[in-house]
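The next block holds one structure in the form of structure tokens; read it before the comments.
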């Protein structure tokens with residue numbers, strides 16, 4: 001795989017007439033990312049961020065596809081067919097509970113709805129979470145062309161992230177294959193590796209917004225207030241980049257350890273920075289680019305929706321619980337709680 005995300009994506013954008021799609025990335029081999037925890041987690045996240053800077057809707061599909069490939073590898077699932085497009089559909093809202101029926105060996109039948117399925121009409125396969133009749137959670141691999149699959153976007157009314165093709169998929173005795181053992185999805189080390197990778201996507205979107213600020217200011221004469229907004233965005237991005245690098249390094253050094261604390265810390269810091277950068281950009285640039293710059297307007301609409309994949313105060317409370325139970329989760333290099 002190429003080592004320069006931006007250059008490859010620029011070339012691909014020209015080749016595809018600016019309409020990047022998941023199938024183009026897969027055809028170019030850009031879905032063959034280093035697996036998390038194998039020594040190059042940072043490079044994996046750099047690709048996620050680079051795609052997000054181009055198109056957050058594409059990044060949503062790309063992240064789901066590459067996460068599915070990582071899950072299949074970690075849980076020794078079937079090898080993906082060449083050119084196949086994958087989704088990772090593991091949201092568990094109480095209103096949409098997917099039931100797994102065992103039919104012998106690893107064979108299953110899926111019954112019921114699956115909500116929040118990004119790329120529903122585009123992917124060929126998916127890793128889905130669901131529930132066995134004995135109450136245990138599980139994962140399954142399903143082909144979207146299998147019988148008993150119905151896809152609907154009637155519940156998807158988003159403006160931001162609207163093109164992510166997120167819908168509800170209903171399964172009616174659909175054949176599938178069990179992946180791993182019950183409980184493996186959350187219990188495996190890669191669960192939090194993937195969760196931290198989402199923050200790299202958020203960072204990529206925020207970096208593109210900051211780049212738009214820099215371009216506009218470079219072409220004009222920014223006042224002191226505009227420069228202050230740009231400086232604030234720059235400092236936030238750099239701080240987040242440092243934390244993401246540290247998180248990636250920790251994961252590569254502790255590939256089988258529970259990465260919950262370091263992943264939550266990265267996600268929460270990037271989430272906060274994203275909110276601040278969106279505010280700084282809006283105040284610095286005004287309504288003009290929101291109305292006249294299609295890419296910027298799309299980023300500003302998409303990113304606040306994408307970042308709501310965070311669990312907000314619940315994640316903060318969980319990180320606080322971990323800090324209380326196990327001591328500070330902050331790096332020891334500067335004395336724990338930033339004791340400079």
The stretch 28-79 and the stretch 129-194 have their Cα centres apart by a whole-number Å value of 18
The helix 56-74 Cα axis meets the longest alpha-carbon principal axis of the chain at an angle in degrees, between 0 and 90 and rounded to 10, of 50
Kindly express, to the nearest 10 degrees and within the range 0 to 90, the angle between helix 313-326's C-alpha long axis and the longest C-alpha principal axis of the chain.
-> 80
Which value, to two decimals, describes the C-alpha radius of gyration of the chain once divided by 2.2 N^0.38 Å?
-> 1.02
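So how do 132, 185 line up by other beta-carbon neighbours within 10 Å, fewest first? Show your work: numbers first, answer last.
Numbers: 132 15, 185 22.
So the ranking, lowest neighbour count to highest, is 132, 185.
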Cβ density ranking, 10 Å radius, fewest first, applied to 172, 73, 31, 302 yields 172, 73, 31, 302
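Quick check: from the Cα gyration tensor, does the stretch 249-288 come out rounded (a/c under 1.5), prolate or oblate? Working shown, then result.
Details: a/c = 6.61, a/b = 3.98, b/c = 1.66.
Verdict is prolate for the stretch 249-288.
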Taking N as the residue count of the stretch 86-182, its alpha carbon Rg divided by 2.2 N^0.38 Å gives 1.02
Just the ratio, please: alpha-carbon radius of gyration of the stretch 70-125 over 2.2 N^0.38 Å, N its number of residues.
-> 1.27
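Write down the Å³ per residue value for the convex hull defined by the alpha carbon atoms of the stretch 186-331. The partial results should precede the final answer.
Details: hull volume 16.9 nm³, N = 146.
Enclosed volume per residue, from the Cα hull, is 115 Å³.
Order these by the 10 Å Cβ neighbour count, fewest first: 291, 240. If you can, show how the numbers build up before the last one.
Details: 291 10, 240 24.
Least to most surrounded, the residues fall as 291, 240.
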For the modelled label position 7 Å from the Cα of residue 225 along Cα-to-Cβ, which residues of the stretch 265-285 have backbone nitrogen atoms closer than 14 Å?
-> 280-285
Could you give the angle, 0 to 90 degrees to the nearest 10, between helix 224-253's Cα long axis and the longest principal axis of the Cα atoms of the chain?
-> 40
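Values in this text are rule-based calculations from the coordinates and carry no lab data. None of these values were measured; they are calculated from a predicted model. Virtual Cβ from ideal backbone geometry, glycine too; neighbours counted across all protein chains shown.
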